[in-house]
Amino acid sequence: MDVKMLKQELIAYSKEIGIDKIGFTSADPFTELKNRLIRQQELGFQSGFEEPDIDKRVTPGLLLEEPRSIISIALAYPSKMTVRVEGKKGERRGIFSRASWGLDYHHILKDRLKKLEEFIITKQPDARLKSMVDTGELSDRAVAERAGIGWSGKNCAIITPEFGSYVYIGEMITSLPFESDTPIEDQCGSCTKCLEACPTGALVQGGQINAQRCISFLTQTKGFIPDEFRDKIGNRVYGCDSCQTACPHNKGKNFHFHDEMEPDPEVAKPLLKPILKLSNREFKNQFGDVSGSWRGKKPIQRNAIMALAHFKDETAVPNLIEVLENEASPVSRGTAAWALGKIGGETALIALKSALSSESDKNVLTEIEKGLKFYS
Ligand code: SF4
């Protein structure tokens, strides 16, 4: 087998199937990452969404028998919508982060990796391959960094010189001894723009993130949002791009290479009030194809309630009262109570007082008290 030639063929084929950047690295363990992950765990900075077994996250040999290399791929996504919609008084809109625009990127990357796998198998039928995107054991970022896709920025994203950090990344462990590419030198330098831009101070100098403070993570949780973050979340219903938009390497980066990634504005920037009333089926119809729906309807509804409070949208008071009185989820009822207090007005006050005597859930009662405090 001529691995050098196969690598060149793969690079050419990757361009044909819409992979914007491809890099190769060894399947050696990611020893540096291991220490970082242990430290992250000790500090309580993890999100809880990651693979719990640190050894699996850093040892390709635990995931594929006798691995020899890892292929990393990157696809650039748009940073600006071509069709724009603007919210207005009485018709306020939320926003999904860019990584949730268009079709769920897990599907897109898996499709490209599958095509790459098929290509390799036609050339080398006995090759062993294992692909993964995001939810796999390996750190996509550590692989991309070592494979020369980009450097790992202080904003904890992979930054490519060509597309900035607006890239989706995934990888494939292989049994083939592809030659490694050279990593790209860190170009953050003394810049700290993303650290300053982070609304909650979640980024820690040195490229670490405290997931427990990260708005992107918080919008994906299912419980009550801690008080200190509620105002900072603004109108984000899923994710946060502050550390990306602040980065000078993302300036002017806006690529529309892939039709599947084009956002439907009514999904990426949806009207907030209708979200409060969506049935599960309606939610699936509107948001089911985007990655931001992976935690289901409830977190998006809770975030939409907070966004209406952020806008102090008085026209949403009847919708919020409806949630407070009839919604099954205590998190939605409680967040609606807080939102009603924040928006204020006589109607909201009457509803809060009435709920105080009819509500039995102690967490919701606490939120009603918080709502009433806005009047004192
Ligand atoms: Fe690096 Fe500055 Fe970009 Fe942050 S904003 S990732 S420090 S270049």
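The values are calculated or read from the model by the stated rules, or taken from the named source; none is laboratory data. Nothing here was measured: the structure is a model prediction, and the numbers come from that model. Ideal geometry is used to build each Cβ from the backbone, glycine not excepted, and the neighbour counts take in all protein chains shown.
General remarks:
- Here residue 212 meets the list (1) within 25 Å of residue 29 (Cβ to Cβ); (2) at pLDDT below 95; (3) away from the ligand (no atom under 16 Å from the Cβ) almost entirely, failing just condition (1).
- Single unsatisfied condition, residue 360 versus (1) small (Gly, Ala, Ser); (2) surrounded by 17 or more Cβ atoms within 10 Å (Cβ to Cβ); (3) over 18 Å from residue 229 (Cα atoms): (2)
- Qualifying residues in region 263-278 (those that are in contact (Cβ under 8 Å) with a residue 60 or more places away in the chain and in a helix (DSSP H, G or I)) - the one surrounded by the fewest Cβ atoms within 10 Å (Cβ to Cβ): 266
- Annotation: of all residues in region 220-262 being assigned to a helix (DSSP H, G or I) and among the acidic types (Asp, Glu), the one that is surrounded by the most Cβ atoms within 10 Å (Cβ to Cβ) is 260.
- Members of region 167-203 that are touching a residue at least 60 places away in the same chain (Cβ under 8 Å) and either at positive phi or within 12 Å of the ligand (Cβ to nearest atom) (or both): 187
- Scanning region 97-145 for residues that are over 18 Å from the mean Cα position of the chain (by Cα), assigned to a helix (DSSP H, G or I), farther than 23 Å from residue 52 by Cβ and not polar (S, T, N, Q) turns up 111, 112, 113, 114, 115, 116, 117, 118, 119, 120, 121, 123.
- Where residue 213 falls short, out of the listed (1) on the phi > 0 side of the Ramachandran plot; (2) under 16 Å from the mean Cα position of the chain (by Cα); (3) of a type outside the set (Ser, Thr, Tyr): (1)
- Listed conditions (1) among the polar types (S, T, N, Q); (2) free of Cβ contacts under 8 Å to residues at least 12 places away in the same chain; (3) in a loop (DSSP other than H, G, I, E, B) are all met by residue 35, apart from (3).
- Residue 281 vs. criteria exposed (fewer than 15 other Cβ atoms within 10 Å of the Cβ) and either at pLDDT 95 or above or part of a helix (DSSP H, G or I) (or both): yes
- Hey, residue 47 of a type in the set (Ser, Thr, Tyr), over 19 Å from residue 178 (Cα atoms), out of contact with any Pro (no Cβ under 8 Å at 6 or more places or on another chain) and not in a helix (DSSP H, G or I) or not: yes
- Hits in region 160-195 - residues which are outside any loop (DSSP other than H, G, I, E, B), more than 16 Å from the chain's Cα centre (by Cα) and either at pLDDT below 95 or of a type in the set (A, V, I, L, M) (or both): 172, 173, 195
- All of 307, 328, 316, 348 fail the test of being of a type outside the set (S, T, N, Q) and more than 30 Å from the chain's Cα centre (by Cα), apart from 348.
- For region 146-159, the candidate set comprises residues that are part of a loop (DSSP other than H, G, I, E, B) and away from the ligand (no atom under 12 Å from the Cβ); within that set, the residue that is surrounded by the fewest Cβ atoms within 10 Å (Cβ to Cβ) is 148.
- In region 284-321, the residue that is surrounded by the fewest Cβ atoms within 10 Å (Cβ to Cβ) out of those that are among the aliphatic types (A, V, I, L, M) and in contact (Cβ under 8 Å) with a residue 60 or more places away in the chain is 290.
- The number of residues in region 196-218 that are among the hydrophobic types (A, V, I, L, M, F, W, C), closer than 12 Å to residue 40 by Cα and in a strand (DSSP E or B) comes to 2.
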